[in-house]
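Note sheet for the following structure.
The values are calculated or read from the model by the stated rules, or taken from the named source; none is laboratory data. Only a predicted model underlies this, so the values are computations on that prediction, with no experimental measurement involved. FYI the Cβ positions are ideal-geometry reconstructions off the backbone, even for glycines, and counts take in every protein chain you see. Please note that ligands, DNA and RNA were not included when accessible areas were found on the heavy atoms of the full protein model with its side chains. Shrake-Rupley method; radii C 1.70, N 1.55, O 1.52, S 1.80 Å.
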Amino acid sequence: MLDQLAGRLQAAQNRLRSALLAGQPTAAHRQAVATIQTDIDGEFQRQRQTDAERDQHRAEATTRRAAEIAAEAHQRIAASIPKAPTKPRSTQA
Amino acid sequence: MTIEAAARFVAQSELALKATYEAEVDAAARAAQIAERIAATERRCDQVRADHAAKKLTDVEAGGLFALAQADVADLAELHRAAVELVGHATEQTRAAAAELSRAEAELSRAEAAAQFEALSEHAAELDEALCYCVSELSVLARRAGRPSNGLTAVFRPSSTLSAMIRLGQIPPHRETA
């Protein structure tokens, strides 16, 4: 999407340049360039937000998976240790 | 490394491997698509030859169409070469991610063994205390029962393994439990 907008901006800037050199009115061309630049800014913002959401989702998934792996490891350790011997009642008075 | 840190390392490595593998599959699919386009374009060349042979196209028409198709094949071949290079790069990334996951799993294994050592050390201390308590009780009971109670061997005969461990510092042989 950004590639397309960059292409459109280049074309609009070329048309503005041609109008300037030909002494033609430039208001419409300037408006077109400004509109495309606004679209580009919007697209950058949208992509930043998408990237941030994706990074957050990945961080949450990593935290959940890490907790799962750690819990499994602790369970294996607990299962490997025999029960402590029970102390018989003391016969000493 | 603690179990929690090692677990995080494994989780991150698993995610990275999944991402690189998906990128490799995508890159391979793109290269395959371009290869299919090349095959389709070559079929177009064959069709032009066939149409020219069947006099459906003039020499000029056939020459023009054939040149266009050949140019397409050349451009597609260049795109395919670049796509195959990307596949190679993606494959290397996947291999590196798999190696990283192996390292992470080795770290987890070490962390788990360290924690298990600590836990079993506590258990060994409990067994030590329990055995000492039992021997002490045996001595009292032996006196009450009118049995000899002078000295350890009168009330408790440790196994040769336990004796060797205490007297000579010998580690008992390891037995794999079923």
Hey, what do the phi angles of the stretch B:50-66 turn into as Karplus ³J(HN,Hα) couplings, whole Hz, using 6.51/-1.76/1.60 and θ = phi - 60°, x for Gly and Pro? 5, 5, 5, 5, 8, 6, 7, 10, 6, 4, 5, 4, 4, x, x, 5, 5
What's the average, rounded to a whole number, of partner chain beta-carbon atoms within 10 Å of each residue's beta-carbon in A:60-68? 4
Can you give me the distance in nm between label points at B:ALA164 and B:ALA106, each placed 7 Å from the Cα along the Cα-to-Cβ direction? 3.4
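Given a 1.4 angstrom probe, I'd like the percentage of the accessible area of the stretch B:1-127 that is carbon and sulfur, rounded to a whole number.
Reported share for carbon and sulfur atoms: 60 percent.
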Would you be so kind as to identify which of B:ALA90, B:LEU65, B:ILE34 lies farthest towards the positive end of the dipole of chain B, taking Lys and Arg as +1 and Asp and Glu as -1 on Cβ and the Cα centre as origin? B:ALA90
Summing -39500 (n - 2.57) over every DSSP H run of at least 4 residues in chain B and dividing by its residue count gives a helix-only mean residue ellipticity at 222 nm, to the nearest 500 deg cm²/dmol, of -31000 deg cm²/dmol
Most mobile of A:ARG65, A:ARG30, A:ARG76 in a GNM of chain A (Cα contacts under 10 Å): A:ARG76
Estimated vicinal HN-Hα couplings, Hz - the stretch A:68-82 in sequence order (Karplus 6.51, -1.76, 1.60; Gly, Pro = x): 4, 5, 5, 4, 4, 5, 5, 5, 4, 5, 4, 5, 8, 9, x
Could you grab the relative contact order for the stretch A:1-82? Cα pairs under 8 Å, six or more apart, rounded to a whole percent. 29
Work out from phi, with θ = phi - 60° and the Karplus expression 6.51 cos²θ - 1.76 cosθ + 1.60, the ³J(HN,Hα) of each residue of the stretch B:91-96, listed in order in whole Hz, and give x for Gly and Pro. 5, 4, 4, 5, 4, 5
Over the whole of B:121-132, what's the average partner chain Cβ count within 10 Å per residue? Rounded to a whole number, please. 2
Accessible area lost on pairing B with A, both sides, 1.4 Å probe, Å² to nearest 100? 2200
Under 8 Å for C-alpha pairs, at least 6 residues apart: give me the relative contact order for chain B, rounded to a whole percent. 29
